[in-house]
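Asks: Structure provided below as structure tokens; questions to follow.
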Ligand code: DC
């Protein structure tokens, strides 16, 4: 039986942490759909045309997630994600994943609105740009990158604007999504709220 949890929201709002925790708790498979766009962005940075890269994507492109988590690849991902043909090329894989037997959690920008509007649970996880930039700065410094808050905040804001303002599948909360603002929430509280939403849908 399939059961889909769609988790959307901007960068560094806590989607990944919440998605992994929900997947572990219920034994669902998890797909970080941002990695697909990052893999296309990486191939684009290496000189390949974006649409061809999206059409040729294979599991090998996702084999080294650390190489996909750099700021340059994030920026490239946000740029290729604007192209409707890139999004179309990634659609079937995501839909099939969402409906796999045993349950699935997908996190991204358009899961509840475009990829899986019939998802049993839809969450929109957000936080203020300042809080998200602080979180991202900590991660980047811990990973050994040299940067500062001003730079990270500017990156976060420009990526938000591009993701939310594009014509094709813009980032937005589905009308029936539960919004979780994690600005003033600890990880445990945010995960508990997400788990409660899934439990309510499974009972209902
Ligand atoms: O979640 P992330 O930061 O890894 O995503 C990288 C970029 O990919 C993001 O800026 C926009 C794009 N993206 C998208 O357009 N749709 C998704 N479902 C996931 C990511």
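Every number in this text was worked out from the coordinates using simple rules, so none of it is lab data. Note that the coordinates shown come from a computational prediction; the quantities given were computed from them, not determined experimentally. No Cβ is skipped: glycine too gets one built from the backbone with ideal geometry, and neighbour counts run over all protein chains shown.
Asks: Under the rule a/c < 1.5 gives rounded, and otherwise a/b versus b/c splits prolate from oblate, where does the stretch 105-197 land using the Cα gyration tensor?
Replies: Numbers: a/c = 2.40, a/b = 1.40, b/c = 1.71.
It is oblate, given that a/c is not under 1.5 and a/b is not larger than b/c.
Asks: Can you tell me the length gained on complete extension of the stretch residue 99 to residue 69, counting 0.36 nm per residue apart and subtracting the Cα distance? Write out the running numbers ahead of the final one.
Replies: Details: separation 30, 0.36 × 30 = 10.80 nm, distance 2.66 nm.
Here the segment from residue 99 to residue 69 would lengthen by 8.1 nm.
Asks: Neighbour counts of other C-beta atoms within 10 Å: give me 44, 185 arranged from fewest to most. Before the final figure, lay out each step's value.
Replies: Numbers: 44 22, 185 17.
By the 10 Å Cβ count, ascending: 185, 44.
Asks: Taking the mean number of other Cβ atoms within 10 Å as a proxy for protection, how do you rank 34-40, 73-79 from highest to lowest?
Replies: Values: 34-40: 24.7, 73-79: 20.4.
Most protected by this proxy first, the peptides run 34-40, 73-79.
Asks: How far apart, in nm, are the 7 Å Cα→Cβ label points at residue 29 and residue 134?
Replies: Inter-label distance under the simple model: 3.8 nm.
Asks: Taking every pair of alpha-carbon atoms in the stretch 161-204, what share in percent sits in each 5 Å bin, from 0 to the bin with the longest distance?
Replies: 5, 18, 16, 20, 18, 14, 8, 1
Asks: Moving on to the next point. So how much slack lies between residue 201 and residue 149, counting 0.36 nm per residue of separation and subtracting their Cα-Cα distance, in nm? Numbers along the way, then the final one.
Replies: Numbers: separation 52, 0.36 × 52 = 18.72 nm, distance 3.89 nm.
That works out to 14.8 nm of additional length.
Asks: Rank by packing, highest mean first: peptides 21-29, 60-68, with packing defined as the count of other Cβ atoms within 10 Å averaged across residues. Walk me through the intermediate numbers first.
Replies: Values: 21-29: 16.2, 60-68: 12.3.
With the highest mean Cβ count within 10 Å placed first, the list reads 21-29, 60-68.
Asks: Sort 4, 70, 179 by Cβ crowding within 10 Å, fewest neighbours at the top.
Replies: Details: 4 23, 70 17, 179 12.
Lowest to highest Cβ neighbour count: 179, 70, 4.
Asks: Another one. Measuring from a point 7 Å past the Cα of residue 179 along Cα-to-C-beta, which residues in the stretch 16-45 have an amide N at less than 20 Å?
Replies: 16, 18-19
Asks: Follow-up question, since we're still on this one. Ranking request for peptides 159-170, 118-129: highest mean number of other beta-carbon atoms within 10 Å first, then the rest in descending order.
Replies: Values: 159-170: 15.4, 118-129: 21.4.
My ranking of the peptides, most packed first, is 118-129, 159-170.
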